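To start, the structure under review is shown below, and the notes come after it.
Throughout, read-outs are computed from the coordinates displayed, never taken from laboratory work. Given the structure is predicted, the values throughout are model-derived calculations rather than measurements. Neighbour counts run over all protein chains shown; Cβ positions are idealised from the backbone, glycine included.
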Amino acid sequence: MAAQILTTREKSALCIQIHRPEKKNALTPEMYAALSDAIRSGDADDSVRAIIIHGIEGCFCSGNDLGNFRNGPSPDRVYPHNLYIDALRHAQKPIIAAVSGICLGIGTIMLFHCDFVYATSDTRFSLPFVNLGLSPEGGTSYILPHLIGYQRAAELILLGEQFNSQIAERIGLVNEIVPAETLLAKAFETTEKLSLKSPESIRATKALLKRGMEDAVTTAMARELDLFNERLAAPEATAAIARFFTKR
């Protein structure tokens, strides 16, 4: 497991921490693989009742490590971040995200596939596909319009501007805004509530809630992959990624 993905147990919760502070928790292929393995491991462990994903103080995730995209599209059309999203999507146990500070790109996308999302008031979200010359991925093109309506989704995706926790809560991306000092405590509290209920009932109910959009999200992700691959090879994306490293 990647050294930047740390797992701990807190009673019935499996806690997965993204811990790469020097890169603001930008995710590498190795980190995606470790996240996926940790989720599958927690899902298979009968003593785990919920999986909590969190970052470090002031930073949940700053998105993909763009160094992985400098060589253009993947020749086999396989991307570690899509494999990670699949692990999230197919987890049978509840996934709780405890989010604070920076939450950009894949950091925001993964929240669409979590069951509970708690965020601090200073969290900043974004979906910067267009800013990088790319197109939506991770099921975003289907999930977001159905969550908030086409026009609001177009505003967030086409402009690619950051939005705050208050907006995230209003559009239904965040369950509750909580103080930073009680963020993880809130996630543990929800885990304890879940642990008092039938695990089989939780599993069956989550499957029912997800089933209605499962096929649609799978189809959306396949279409997104086609366009993402195409856009990643485009001059605009190459230039945008190069500008990112020049600025840094």
For this session: Work from the charge dipole of the chain (Cβ charges, +1 for Lys and Arg, -1 for Asp and Glu, about the Cα centre) and give the residue of ILE143, ALA87, SER62 farthest towards its positive end.
Result: SER62
Problem set entry | Cross-link table LYS93/LYS210; LYS23/LYS93; LYS11/LYS193, entries beyond 20 Å C-alpha to C-alpha | LYS23/LYS93
Problem set entry | Mean residue ellipticity (222 nm) of the chain, computed from DSSP H runs ≥ 4 via -39,500 (n - 2.57), nearest 500 | -15000 deg cm²/dmol
Exercise. Quick one: length gained pulling ARG152 to GLU30 fully straight, 0.36 nm per residue minus the C-alpha distance?
Worked result: 40.5 nm
Exercise. Simple spin-label model, 7 Å along Cα-to-Cβ: PHE244 to ALA216 in nm?
Worked result: 3.0
For this session: Using a Gaussian network model of the chain whose springs link C-alpha atoms within less than 10 Å, name the residue from ALA13, ALA207, ALA33 with the highest mean-square fluctuation.
Result: ALA207
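Which GluC sites (Glu not before Pro) from region 157-195 combine a DSSP loop assignment with at most 16 other Cβ atoms within 10 Å?
Details: sites: GLU161, GLU169, GLU176, GLU181, GLU189, GLU192; in loops: GLU161.
Sparse-neighbourhood loop GluC sites (Glu not before Pro): GLU161.
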Problem set entry | Cross-link partners of LYS186 among aspartates and glutamates (Cα-Cα below 20 Å; sequence separation of 8 or more within a chain) | GLU10, GLU57, ASP115, ASP122, GLU169, GLU176
